[in-house]
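Please read the structure below before turning to the comments.
The values are calculated or read from the model by the stated rules, or taken from the named source; none is laboratory data. From a predicted model like this one, the values you see are computed outputs, not experimental measurements. All Cβ positions, even for glycine, are placed from backbone atoms using ideal geometry, and neighbour counts span all protein chains on display. Ligands, DNA and RNA are stripped out before the accessible areas are found, and what is left, the full protein with its side chains, is counted by its heavy atoms. Shrake-Rupley method; radii C 1.70, N 1.55, O 1.52, S 1.80 Å.
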Amino acid sequence: MSWIESIQKAINYMEEHLLEDITIEQIAQEVNSSVFHFQRTFAILTDMSIADYLRRRRLTLAAQELLGTEQKIIDLAYKYGYETPEAFTKAFRKQHHVTPSEARKKQGPLQSYNRLVIQVSLKGAEPMKYKIIEKDKFQIVGVKRTYNCQNGENTTEIPLFWQEVNQSGFDHQLYQLNNGTVNGVLGVCVPNTEQGQKGFIDYWIATDHVGEVGEDLLTMEVPASKWVIFEVHGPMPDAMQNTWKQIYSEWFPSNPYEPAGTAELEVYPEEDAYSPDAYSEIWIPIK
């Protein structure tokens with residue numbers, strides 16, 4: 001099953017169980033995927049987390065019931081997974097910009113999020129430059145943080161992590177330590193394998209370094225892999241985000257490879273990442 005088909009099957013499963021307390025583990029299992037790679041692929045293709053999708057769809061259906069039935073607001077709150085009417089009202093207002101009571105009185109437009117349908121786009125007009133290499137294991141050194149992907153924490157907090165690193169000058173320290181074969185500062189996304197941490201990732205800001213490092217830095221061994229390396233041309237963050245989406249919506253569906261599900265890299269050479277001519281890379285282990 002291709003990744004596009006898997007995502008669509010997962011969406012269908014979520015839609016069939018919207019009124020149940022389903023977990024990301026159940027959804028990933030339905031499409032025979034790891035939690036890490038399913039949630040990462042879903043976010044890349046849809047620009048939202050799984051929790052965002054479930055919440056938006058439930059509140060869309062709740063709004064429809066408010067307008068089309070006489071169901072009590074407190075009953076709708078419980079039906080759509082909220083423990084109290086207050087929690088339901090807060091979430092409803094955040095999405096629709098009106099309270100449930102105001103919506104029932106038709107005092108404003110509502111935000112409707114429709115059921116997603118994933119479509120493959122094989123354009124071909126925008127060629128992707130890539131190469132495939134075999135590489136032995138290597139060591140990265142740097143700093144890491146753990147993020148919850150189920151609630152979309154990674155999408156909001158990782159940019160702040162980079163901002164903190166750049167403002168402190170730590171990125172320059174990493175460039176000085178970069179004596180390995182992967183040239184640049186790395187953003188490394190790794191599944192968190194600690195027990196009880198399903199749905200979490202470790203995100204590293206690091207560099208390829210051979211040798212010892214000080215106690216203030218962490219180290220991790222990236223396993224030997226077959227890598228597909230994509231060129232990214234243009235300013236951050238748009239160029240990187242667009243390339244990720246193109247990889248999963250165009251390249252993987254038309255090539256005989258699958259992601260291996262281990263550490264994925266964004267590689268930033270020492271240059272102005274916001275320049276129109278900026279160059280960077282995406283490394284994905286494949287099988």
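Restriction of the trypsin sites (Lys or Arg not before Pro) in the range 1-80 to DSSP coil positions whose beta-carbon has at most 16 other beta-carbons within 10 angstrom yields Lys72. With +1 on each Lys and Arg Cβ and -1 on each Asp and Glu Cβ, and nothing else charged, work out how big the dipole of the range 139-217 is about its Cα centre, in Debye to the nearest 20. Charge dipole of the range 139-217: 220 debye, to the nearest 20. Which of Gly261, Asn192, Ile158 sits farthest toward the positive end of the charge dipole of the range 156-287, with +1 on the Cβ of Lys and Arg and -1 on the Cβ of Asp and Glu? In the range 156-287, that residue is Gly261. For the range 1-98, GluC sites (Glu not before Pro) are listed when DSSP marks them as loop and at most 11 other Cβ atoms sit within 10 Å of their Cβ; the list is Glu20, Glu70, Glu83. For the chain, the longest principal axis of the alpha carbon atoms and the long axis of helix 85-96 meet at an angle near 70°. If R0 is taken as 22 Å, the Cβ-Cβ distance between Glu86 and His17 corresponds to a FRET efficiency of 0.30. Do any of Lys144/Lys287; Lys9/Lys79; Lys9/Lys129; Lys131/Lys245; Lys90/Lys198 go past 21 Å between their Cα atoms, and which? With Cα atoms farther than 21 Å apart: Lys144/Lys287; Lys9/Lys79; Lys9/Lys129; Lys90/Lys198.
Remark: spin-label model distance Arg145-Leu67 equals 3.9 nm, labels positioned 7 Å along the Cα→Cβ axis. Judged by the gyration tensor of its Cα atoms, with axes a ≥ b ≥ c, the range 165-287 is oblate; a/c meets the 1.5 cut and b/c is at least as large as a/b. Note on the range 157-276: dipole from Cβ charges, positive end direction compared against Gln246, Ile201, Val232; the farthest Cα belongs to Gln246. Taking every pair of alpha-carbon atoms in the range 1-145, what share in percent sits in each 5 Å bin, from 0 to the bin with the longest distance? Going out from 0 Å in 5 Å bins, the range 1-145 shows 2, 8, 15, 16, 14, 12, 12, 8, 5, 4, 3, 2, 0 percent.
Comparing the range 72-167 with the 2.2 N^0.38 Å rule of thumb, its C-alpha radius of gyration ratio is 1.80 (two decimals). When a 1.4 Å probe is rolled over the protein heavy atoms, the share of accessible surface on the range 218-261 that falls to carbon and sulfur comes to 48 percent. Looking at the range 190-287, the GluC sites (Glu not before Pro) that sit in a DSSP loop and have at most 10 other Cβ atoms within 10 Å of their own Cβ are Glu194, Glu212, Glu215. Quick one, which of (1) 1.33; (2) 1.64; (3) 1.14 is the actual Cα Rg over 2.2 N^0.38 Å calculated for this model? This structure yields the entry labelled (3). Fully extending the segment from Thr262 to Val213 would add 15.2 nm, taking 0.36 nm per residue of separation and subtracting the current Cα-Cα distance. If a paramagnetic tag sat 7 Å from the Cα of Lys94 along the Cα-Cβ line, which residues of the range 41-81 would have the backbone N under 15 Å from that point? Only 49-60, 81 fall inside the zone, counting backbone N under 15 Å. Dividing the summed helix terms, -39500 (n - 2.57) for each DSSP H run of n ≥ 4, by the number of residues in the chain produces a 222 nm estimate of -11500 deg cm²/dmol to the nearest 500. Measuring max minus min along each principal axis, the C-alpha atoms of the range 227-272 give extents of 35, 20, 13 Å (largest first).
Under a Cβ-only charge scheme (Lys and Arg +1, Asp and Glu -1), can you give me the dipole magnitude of the range 1-84 about the Cα centre, in debye to the nearest 20? Don't skip to the end; give the middle numbers.
On the way: 8 positive and 13 negative charges, 42 e Å.
Taking the Cα centre of the range 1-84 as origin, the dipole is about 200 debye.
How much area per residue is accessible in the range 88-170 when the probe is 1.4 Å and only protein heavy atoms are counted (Å²)?
Heavy-atom SASA per residue in the range 88-170 reads 67 Å².
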